[in-house]
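To keep things clear, I will list the structure first and then write my remarks on it.
The values are calculated or read from the model by the stated rules, or taken from the named source; none is laboratory data. Being a predicted model, the structure only gives us computed values, none of them experimental. Cβ coordinates were reconstructed from backbone atoms using ideal geometry, including for glycine residues, and neighbour counts include every protein chain displayed.
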Amino acid sequence: MAELLQFDNPFYELSALLVVAILVGALATLLRQPLIIAFIAVGIIAGPAWLSIIEGQEAFDLLATMGIALLLFVVGLKLDIGLIRQSGPVALYTGIGQVLFTSIIGYGIAIALGISWLHALYVAVALTFSSTIIIVKLLSDKREIDSLHGRIAVGLLIVQDIVVVLVMIGLTAFGAGEEGDTSLLQEAGLVALYGTLFVGGIVLITRYVIGPVFRIFARSQELLVLGAIGWALILAATGDMLGLSKEVGAFIAGVSLASTPFREAIGTRLVSLRDFLLLFFFLSLGADLDLSRLGAQIVPALVFSAFVLIGNPLIVMTITGIMGYRKRTGFLSGLTVAQISEFSLILAAMGLAVGHIDDDTLGLITLVGLVTIGTSTYLILYSHSIYDRIGKYLSLFEREQDIEHELYDRGDTITPDVIVYGLGRYGGSIVEQLRARGYQVLGVDFDPEMIEQWRDAGLPTQYGDAEDPEFPGSLPAGSRWVVSTMRDEHVSRALLHGLEHHGYPCQVAVTADRDDVADRLRQEGAHLVLMPYPDAAKEAADVLDNSLSGLDQSEEQSEP
């Protein structure tokens, strides 16, 4: 079988490889697994251990290097320190605390397992980073990216990304010091000098050149993308020549464009290309794994995986609890770091390239990645259901008076006629119409920014998540209606059950898009189901009907 799939033509080789990647990727999608796992599996399948499709390793290595460079470029492009400020100190403290505690405890576990100090250091650092790509996608799919725990997670990931770059710079200096006759201190000094000059030059170019040049590029979308890729690769090559590494150079290229008005357009167009090129990194990683030697790594991999899956969330929950956040916020934020990152695998590959670690350590880190990424995906997808089952046991991680109550629960001074969950366009319009009719309204949302905007507009607001089963117990008594404007059936059912559980005496209106969903929600106890699209269509038809009737009457009157 393997001999039949060996090709002399690299084009045939690439085509066969993509066929395997598509099939395995489709299976991973059906299983709701990230494609990172699928691509590593494809590397194992297509590598010398099985089908031996991958032969032209040099070409794949070049594509993989470009993929890593673009990954760092996009990270730099989207680096927004403002997101950390929006989340408050919790993102900074949680990010730094999680990196420190995970690396220290992970290093201790590695030493206890008999791993040498340098290899243990790599393993410990690899355990600290979580996958931005996976977490942001999962939170976006669940519409939780703007929730409090989503913002904490994103801010935490930004802190991790900054640490990744610093580690890469340190790794570059450390690796350079061992290659030549000069001391590590001298090489580190040279790297610092070159880095300072490099960054200083880019700052000047960014201030005086980047804006005018990219405004010219922006006249053509194709030229804008090409110019961004060229800029990323030029600085990646420059960084490599200066001893800073291609990854750091590409990251700085992204940061240099982060303040331009073109960063969103560039970032959205490069994501697909980045993901395609990263395919080859994960393929190469899988193909290089020696399956005959992985058996000895299974037990250590399971130990480290258990630490990442359980220990990392506990670390985050402890820090957020100390800072005064609710146990639910800490739990949902903690689950987002229950896996290692693609950066962990990249750092391990860099360590192998400079001779700091061996294939066994790389295989160990890769196994931990496969286990933790695969498992944590389901943990994040079903995080609310998991919390419903174990939330009562997590009171240890919560203060009696939490900061969320102090910051957001501002609605207890009024007795609202209506409580409206969800202050987006639809919910906000309902709020405005009710207030215009003289009703007292309390707005509830899980987006802190939305809360602040409406509070500034004079609306009593309260921070809350409709899926939080404990939240209805904090609502002010006396409301006649609770209205949910969120069209997710699961969210509506959770709210209905929460209100019923706490015995909150009111009428409940929920929102749906389809008749079958509306029927199920009525059976669950909803007194009214709002259907924005059919209702809006009916209102538009009524307006058009009245207009057409008026025209017909005018025409009849104008006839002789």
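Data overview
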{"quantity": "Cβ-Cβ under 7 Å pairs, at least 6 apart or on other chains, region 357-381 side over 16 Å from Leu332 (Cα atoms), far side of a type in the set (Phe, Trp, Tyr) and in a helix (DSSP H, G or I)", "calculated": "Ile357/Tyr122; Thr361/Tyr122; Val368/Phe304"}
{"quantity": "Flag for Asp447 being of a type outside the set (Gly, Ala, Ser), modelled with pLDDT under 80 and over 31 Å from the mean Cα position of the chain (by Cα)", "calculated": "no"}
{"quantity": "All helices (runs of 4 or more DSSP H) inside region 337-407 with 1 or more residues being within 22 Å of the chain's Cα centre (by Cα), within 28 Å of Ile451 (Cβ to Cβ) and modelled with pLDDT of 85 or more", "calculated": "359-381, 383-390"}
{"quantity": "Filter pass, Leu364 being under 28 Å from Thr65 (Cβ atoms) and either assigned by TED's automatic domain parsing to the domain that holds Ile37 or of a type in the set (A, V, I, L, M, F, W, C) (or both)", "calculated": "yes"}
{"quantity": "Subset tally (residues that are among the small types (Gly, Ala, Ser), buried (at least 22 other Cβ atoms within 10 Å of the Cβ) and out of contact with any Lys or Arg (no Cβ under 8 Å at 6 or more places or on another chain)) for region 495-526", "calculated": "1"}
{"quantity": "Residues located in region 413-453, provided they are in contact (Cβ under 8 Å) with a residue 12 or more places away in the chain and part of a loop (DSSP other than H, G, I, E, B)", "calculated": "Thr413, Ile414, Thr415, Pro416, Asp417, Gly422, Leu423, Gly424, Tyr439, Gln440, Phe446, Asp447"}
{"quantity": "Qualifying positions in region 454-478 - surrounded by fewer than 21 Cβ atoms within 10 Å (Cβ to Cβ) and in a loop (DSSP other than H, G, I, E, B)", "calculated": "Ala457, Gly458, Leu459, Pro460, Pro469, Glu470, Pro476, Ala477, Gly478"}
{"quantity": "Residue under evaluation Gly473, criteria (1) within 30 Å of the chain's Cα centre (by Cα); (2) modelled with pLDDT under 85, criterion not met", "calculated": "(1)"}
{"quantity": "Residues being in a helix (DSSP H, G or I), farther than 20 Å from Thr372 by Cα and either among the β-branched types (Val, Ile, Thr) or in contact with a Leu (Cβ under 6 Å, 6 or more places away or on another chain) (or both) - total across region 117-149", "calculated": "1"}
{"quantity": "Residue list for region 454-489, filter: small (Gly, Ala, Ser) and without any contact (Cβ under 8 Å) to a residue 12 or more places away in the chain", "calculated": "Ala457, Gly458"}
{"quantity": "Condition check for Ser256: of a type in the set (S, T, N, Q), buried (at least 18 other Cβ atoms within 10 Å of the Cβ) and not in a loop (DSSP other than H, G, I, E, B)", "calculated": "yes"}
{"quantity": "Matching residues, region 197-253, being closer than 15 Å to Ile169 by Cα and not in a helix (DSSP H, G or I)", "calculated": "Leu242, Gly243, Leu244, Ser245"}
{"quantity": "Output for region 161-174, where each listed residue is buried (at least 23 other Cβ atoms within 10 Å of the Cβ) and in contact with a Phe, Trp or Tyr (Cβ under 8 Å, 6 or more places away or on another chain)", "calculated": "Val164"}
{"quantity": "Residue under evaluation Ile310, criteria (1) touching a helix residue (DSSP H, G or I) at 6+ places or on another chain (Cβ under 7 Å); (2) within 30 Å of Ala466 (Cβ to Cβ), criterion not met", "calculated": "(1)"}
{"quantity": "Residue tally, condition surrounded by fewer than 22 Cβ atoms within 10 Å (Cβ to Cβ) and on the phi < 0 side of the Ramachandran plot, over region 108-132", "calculated": "13"}
{"quantity": "Any hit, region 527-549, residues being among the acidic types (Asp, Glu), in contact (Cβ under 8 Å) with a residue 40 or more places away in the chain and not assigned by TED's automatic domain parsing to the domain that holds Thr329", "calculated": "no"}
{"quantity": "Which numbered condition Ala541 fails, given (1) buried (at least 16 other Cβ atoms within 10 Å of the Cβ); (2) assigned to a helix (DSSP H, G or I); (3) not basic (Lys, Arg)", "calculated": "(1)"}
{"quantity": "Lone qualifier among Ser272, Ser245 - being assigned by TED's automatic domain parsing to the domain that holds Leu18 and at positive phi", "calculated": "Ser245"}
{"quantity": "Selection count where residues are in a loop (DSSP other than H, G, I, E, B) and at negative phi, scope region 319-336", "calculated": "4"}
